[in-house]
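In what follows, a single structure is set out as C-alpha cells and then discussed.
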Protein chains: 2
Amino acid sequence: MAPQDLLEALSDLHPELTILTAEDLAGRHPGEHSENFGAQVMAQPSSTEAAAALVTWCAAHDVTVVPQGGLTGLVGGSISRSGEVILSTARLNRILSIEPEEMTATVEAGVTLEALQQAAARHGLTTGIDLGSRGTATVGGMVSTNAGGILAFRNGVMRHQVLGLEAVLPSGAVLCDLTRVVKVSAGPDLKQLFIGGEGAFGFVTRVVLKLEPQRPHRATALVGVADARSALALVRHFRSLPALALEAAEMMWPRYIRDHAALKGLDLSWLETEAAALLIEVSGESVEAATSALEAGLEQSWEPLDLQGGIVAQSLDQARRFWDIREDSGFYYAEIPLAASFDISVPPLFLDAYVAGLESRLKAIDPTYAAYVYGHIADGNLHLTLIKQGPLPEAELRAVERAVYAGIHEAGGSFSAEHGVGLEKRHGYEGFVSPEKQALGRALKQALDPKGLFNPGKVPF
Amino acid sequence: MAPQDLLEALSDLHPELTILTAEDLAGRHPGEHSENFGAQVMAQPSSTEAAAALVTWCAAHDVTVVPQGGLTGLVGGSISRSGEVILSTARLNRILSIEPEEMTATVEAGVTLEALQQAAARHGLTTGIDLGSRGTATVGGMVSTNAGGILAFRNGVMRHQVLGLEAVLPSGAVLCDLTRVVKVSAGPDLKQLFIGGEGAFGFVTRVVLKLEPQRPHRATALVGVADARSALALVRHFRSLPALALEAAEMMWPRYIRDHAALKGLDLSWLETEAAALLIEVSGESVEAATSALEAGLEQSWEPLDLQGGIVAQSLDQARRFWDIREDSGFYYAEIPLAASFDISVPPLFLDAYVAGLESRLKAIDPTYAAYVYGHIADGNLHLTLIKQGPLPEAELRAVERAVYAGIHEAGGSFSAEHGVGLEKRHGYEGFVSPEKQALGRALKQALDPKGLFNPGKVPF
C-alpha cells in the first residue's frame with residue numbers, strides 16, 4: 001500500500017494511535033541507519049490496545065510492520081521501506097510501577113534504560129544490565145535483541161532480567177504474561193521467543209524486569225595488560241575478593257586505546273608501549289574502601305600478572321574520562337565512515353589466540369588491514385571494526401566476515417553477541433546457525449506469522 | 001503398537017540403544033509415580049545418534065515417546081501407557097567436559113545434579129542450582145521442568161544456568177546448539193523451548209551449564225519468625241552484609257516444623273509456640289567467619305524483627321539435622337498417603353496475606369482441613385500439602401485447587417513454580433494460562449510435533 005493510502009487509512013484507526021508522516025519524520029534523527037525511516041509512515045500507540053488495533057488492521061490488509069525502539073541498533077534490524085508501517089514504542093514510555101521490596105519494575109517497552117535507572121535510583125535500586133547507549137536504548141529494544149552490555153559477566157543478559165512480558169502477536173492477539181516472580185514452571189515459557197526475537201514474532205509492549213541494589217561507591221582504574229589472559233586473571237582476582245564487587249572489566253586492545261587517547265588528549269605515558277588497557281571498576285562500602293581495595297588488588301597482582309602500568313582515577317571526572325574512552329566507541333567513524341564492524345563472543349580463554357589469528361587473517365586479505373578491538377572481556381564479548389572506510393565491495397566484505405568469524409563457532413562462541421542479526425549479520429546467521437535450527441526458526445515463524453508481515457528479511461527465516 | 005511388537009522392532013534398531021522389557025523394569029523403582037513404567041518398554045540410548053534413530057523410527061511408525069530422566073518429578077510428567085516407548089536418559093550419563101577457567105560444564109542429559117556437583121568440586125566449583133533431590137534428579141529433567149530449588153533467589157532458575165543445549169526433535173532431527181558463552185544474540189534462542197518444555201517439543205540429550213565457585217565455609221541456623229514479612233526482612237539484612245553470602249532461606253510454617261520435629265526428635269524448646277522456623281545458611285571466608293557473621297546478624301535483627309528464638313548449628317551434624325527437617329519433606333506421606341500437594345510462587349510480600357487466606361479458604365471447604373506449608377521464602381516459592389489422605393474425590397480436589405490458586409495469578413505469581421504442569425497441574429494450566437498463550441502453545445506444538453507423539457497429554461496443548 002502506498003504511504004499516502006496508509007496514512008489515510010490509519011489516521012482514525014484508534015484514539016491512542018498517533019500517526020507520523022514523512023513531514024513529521026523529516027526533522028527527526030533516524031538513529032544508526034539512515035534507512036530506518038524508509039517507510040515514511042510511523043504509528044505511535046500509547047496503549048497496548050492501540051498497538052493491537054494497528055497490528056490487526058495490518059494483518060487484515062497484508063501490510064508489513066517494522067517495530068522500532070530507540071534506534072540504537074547497529075545491524076539494520078529497524079530498517080523500513082516504502083509501503084511498510086513503522087510501529088514505534090515512542091509513546092509507550094511510562095514506568096508503570098516499581099516494587100522496591102520485590103526489586104522489580106513494570107515498564108512500557110519505550111522506556112529508556114536510563115529513565116528506568118533514574119526512577120529506580122529513588123529507591124536505592126538500579127537495573128541488572130547497563131550499556132553505553134543507556135540514554136536512548138529502550139527496554140523493548142533491549143528485549144528484542146537480548147542485549148548484554150557491561151554487567152553480563154555477573155548478571156547475565158536481558159533474558160535473565162525479564163520476569164514478565166506482554167507482546168502483540170502478528171495476528172493482533174495480545175500475549176500478556178506479566179509474572180513478577182523468578183520461579184515459573186507453568187508450561188513452556190513462550191515469552192522467550194520475543195527476547196532476542198528482533199521483532200519477527202511480535203511487538204513487545206510491556207516488560208517486568210528484575211532490579212538490584214545500587215552500589216554507588218565506586219573506584220575506577222585503567223590498567224595495562226599484556227594480553228587477555230592477564231586481564232582475565234585480574235578479573236578472577238577481583239571477583240574473588242569479598243570486600244568489593246567487580247562492576248566492569250572492559251578491555252581495549254593497543255590500537256584502540258592509543259588512537260582514542262590521542263584523539264581525546266588522554267595521557268598514556270604510564271602505559272607500556274605494546275600493552276592493552278583494561279578499564280576496571282569496583283564498588284565497596286564507601287568510595288575510600290573501594291579505592292583502597294582496588295589499589296591493594298592491583299598491587300598484589302602487579303608482579304604475578306605482569307601488569308603494564310596502571311592509574312587509579314582520583315576523581316569522578318577522571319573516571320568519566322576513562323569511561324568515555326571506552327563508551328564513545330564510535331570515535332573512529334569520522335575517519336573511516338561506514339567501516340565494517342562486528343560483535344562476537346568467544347569463550348574468554350580463546351581470546352588471545354583469536355585476536356592474534358584475526359590480525360593475520362585480515363592481513364592475508366589485504367596487508368594494510370587492521371582492526372580496532374575492544375569489548376567486555378569477562379564474558380568474551382569483543383567488538384571489532386575494520387580500519388577502512390566502508391562500504392566494502394561485496395566480495396571483500398564476505399572475505400572479511402570469514403576472517404572475523406573463523407573458529408568462533410567451533411570454540412563455542414557466537415557470530416553475534418549482543419547486537420542481533422538484523423540485515424547486516426544475515427551471512428553469519430546463514431553460515432553458522434545449523435540447518436536444523438534455521439529450519440525450526442522458519443517453522444515457528446510460519447506458525448506465528450504465516451504471511452511474513454513482521455519485520456521481514458531481518459533474521460532470515 | 002503392542003509392547004511385544006515394539007520390543008521386537010526396536011531390539012536391533014541401533015547398537016547404542018538398549019531396550020528394557022517389562023521383566024527388566026519389574027525390579028526397578030518407578031520413581032514418584034507408580035504408572036511411570038506403564039509403557040513397559042524403555043529405550044536407553046547411550047548416544048545422541050541412537051536417540052535420534054529411535055525417535056525417527058517412532059515418527060515413521062506413529063509411536064508415542066515419553067521422555068524420562070531421574071523420575072523425581074512430582075506432577076506426573078513422566079507417566080507412560082501401554083503402546084508408548086519410554087525414552088530414558090539413564091545411559092546418557094557422561095560428564096563430557098568441565099572447563100574450570102570458563103566455569104562451564106558440558107554434560108549428557110542423564111547426569112545427576114549430585115554427580116555434576118561432585119565432579120565440579122574437584123575444581124573448586126559447583127552448580128548454580130541446588131535442590132533436595134540432587135542425588136537422583138538429572139540435568140535433563142531439571143532442564144525440562146525449568147527447575148529452581150534453593151539458590152534461585154540469587155542465581156535464577158535452570159533457564160538462567162543453561163548456556164547450550166542439544167535435543168532430538170519429534171521429527172528425529174537433532175538441534176545442536178552447544179554454545180558456551182553467556183552473550184548470544186544470533187536470532188531467536190530456540191533452545192529456550194526445551195527449557196520448561198516438559199518433553200513436549202523434543203528429547204534433551206546434552207547441556208552446557210554455567211558453574212560457580214564453591215563456597216564451602218558455611219554456618220547454619222534455625223530461627224523463629226512471626227511471619228514471612230519478618231523472614232524476608234532477615235533475608236534482606238543478610239543479603240546486604242558484605243562479609244557473607246546468603247546460601248539458603250527456607251521457611252517452614254508452624255504446623256510443618258512442629259510435626260516434623262516431633263517425628264524426628266528435634267528439640268524445639270527454643271522456638272516460641274506460634275512461630276514459624278526459618279532455615280538460614282550463609283557462607284564466609286572461613287567457618288568461623290561465617291558463624292560469627294551469622295550470629296552477629298541474628299543479634300542485630302533480634303529486636304527489630306522480633307525474632308522468636310534461634311539456634312546456630314554447632315556442628316556439621318547438627319546443620320545436617322536442620323536440613324533434613326526441610327529436605328525430607330515427604331515425611332507426612334506415611335500418615336497421609338497421596339495427599340494433594342502444590343508448588344506455587346507468589347511475589348514474596350504477598351506471602352502472609354496468601355497463607356492466612358489459604359487457611360480460611362480451606363476451612364470453608366471442610367472445617368477439618370489444614371495444610372503443611374514450607375518453601376523457598378526469598379523467591380516466594382511455597383510448597384503446600386493438604387493434610388488429608390488422597391486421592392480426593394474429583395469435585396473436592398477442584399475446590400481445593402481453587403482455594404490454593406486463588407489470587408496468585410492476579411498477584412503476579414504462578415500456579416506452578418518449579419515442578420511443571422505434567423498431568424496433575426492441567427487444571428492450573430487451563431485456568432490460569434491466558435487463552436492467547438494456550439493458543440500459541442498449541443500452534444508451536446503443531447509446528448514441531450504435528451502428530452502429537454511427544455509426551456502427549458502432559459502440558460495440555
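The values are calculated or read from the model by the stated rules, or taken from the named source; none is laboratory data. In this text the structure is predicted, and so the values were computed from the model without any measurement. Every residue, glycine as well, gets a Cβ built from its backbone with ideal geometry; the counts of neighbours run over all protein chains shown.
Points worth noting:
- Residue that is farthest from the other protein chains (Cβ to nearest Cβ) [pool: residues in region B:444-461 that are part of a helix (DSSP H, G or I) and crowded, with 18+ Cβ neighbours inside 10 Å]: B:Lys445
- Some residue of region B:323-337 being hydrophobic (A, V, I, L, M, F, W, C), over 22 Å from A:Leu163 (Cα atoms), surrounded by 15 or more Cβ atoms within 10 Å (Cβ to Cβ) and touching a helix residue (DSSP H, G or I) at 6+ places or on another chain (Cβ under 7 Å): yes
- Within region B:258-301, the set of residues being aliphatic (A, V, I, L, M) and free of Cβ contacts under 8 Å to residues at least 24 places away in the same chain comprises B:Ala262, B:Leu268, B:Ala296.
- Looking only at region A:126-143, and only at residues there that are of a type in the set (A, V, I, L, M, F, W, C) and within 12 Å of chain B (Cβ to nearest Cβ), the one that is surrounded by the fewest Cβ atoms within 10 Å (Cβ to Cβ): A:Leu131
- Evaluated against (1) touching a residue at least 40 places away in the same chain (Cβ under 8 Å); (2) within 7 Å of chain B (Cβ to nearest Cβ); (3) within 24 Å of A:Val346 (Cα to Cα), A:Gln192 falls short on exactly one condition, (1).
- Subset tally (residues that are over 15 Å from B:Tyr429 (Cα atoms) and outside any helix (DSSP H, G or I)) for region B:396-406: 0
- Residues in region A:91-106 that are buried (at least 20 other Cβ atoms within 10 Å of the Cβ) and either without any contact (Cβ under 8 Å) to a residue 12 or more places away in the chain or more than 14 Å from every other protein chain (Cβ to nearest Cβ) (or both): A:Leu92 only.
- Identity of the residue in region B:376-421, within 10 Å of chain A (Cβ to nearest Cβ) and on the phi > 0 side of the Ramachandran plot, that ends up nearest to the chain's Cα centre (by Cα): B:Gly420
- Filter result for A:Gly422 (over 23 Å from A:Gly141 (Cα atoms) and not in a helix (DSSP H, G or I)): no
- Checking B:Ser360, B:Ser434 one by one, the residue that is more than 11 Å from chain A (Cβ to nearest Cβ), free of Cβ contacts under 8 Å to residues at least 24 places away in the same chain and small (Gly, Ala, Ser) is B:Ser360 and no other.
- Among residues of region A:359-377, those that are within 20 Å of A:Gly420 (Cα to Cα) and in a helix (DSSP H, G or I), counted: 1
- B:Met42 being modelled with pLDDT under 95 and of a type outside the set (Asp, Glu): no
- Of all the residues in region A:77-117, those that are assigned to a loop (DSSP other than H, G, I, E, B), in contact with a His (Cβ under 8 Å, 6 or more places away or on another chain) and modelled with pLDDT of 95 or more number 2.
- Condition check for A:Leu113: more than 14 Å from every other protein chain (Cβ to nearest Cβ), buried (at least 21 other Cβ atoms within 10 Å of the Cβ) and within 26 Å of B:Gln161 (Cα to Cα): yes
- In the condition set (1) facing chain B (nearest Cβ under 10 Å); (2) over 27 Å from B:Val459 (Cα atoms), A:Leu211 is compliant with all but (1).
- From A:Glu359, A:Glu295, residue being outside the structural domain of A:Glu272 (by TED's automatic domain parsing) and surrounded by fewer than 20 Cβ atoms within 10 Å (Cβ to Cβ): A:Glu359
- Checked against (1) at pLDDT 95 or above; (2) within 11 Å of chain A (Cβ to nearest Cβ); (3) within 30 Å of B:Asp317 (Cβ to Cβ), B:Pro242 passes all but condition (1).
- One residue stands out in region B:427-439 among those that are under 16 Å from A:Thr179 (Cβ atoms) and in a helix (DSSP H, G or I): the one that is farthest from the chain's Cα centre (by Cα), namely B:Glu436.
- Region B:1-21, residues that are surrounded by 12 or more Cβ atoms within 10 Å (Cβ to Cβ) and within 14 Å of B:Pro45 (Cα to Cα): B:Leu10, B:Leu13, B:His14, B:Glu16, B:Leu17, B:Thr18, B:Ile19, B:Leu20
- Among the conditions (1) closer than 22 Å to B:Asp189 by Cβ; (2) at the interface with chain B (Cβ under 7 Å from one of its Cβ atoms), A:Val174 misses just one, which is (1).
- Hey, A:Ala167 assigned to a strand (DSSP E or B), hydrophobic (A, V, I, L, M, F, W, C), more than 7 Å from chain B (Cβ to nearest Cβ) and crowded, with 23+ Cβ neighbours inside 10 Å or not: yes
- Scope region A:244-288; condition of a type outside the set (Val, Ile, Thr), out of contact with any Ser or Thr (no Cβ under 9 Å at 6 or more places or on another chain) and over 21 Å from A:Gln308 (Cα atoms); matching residues: A:Leu263, A:Lys264, A:Ser283, A:Glu285, A:Ser286, A:Glu288
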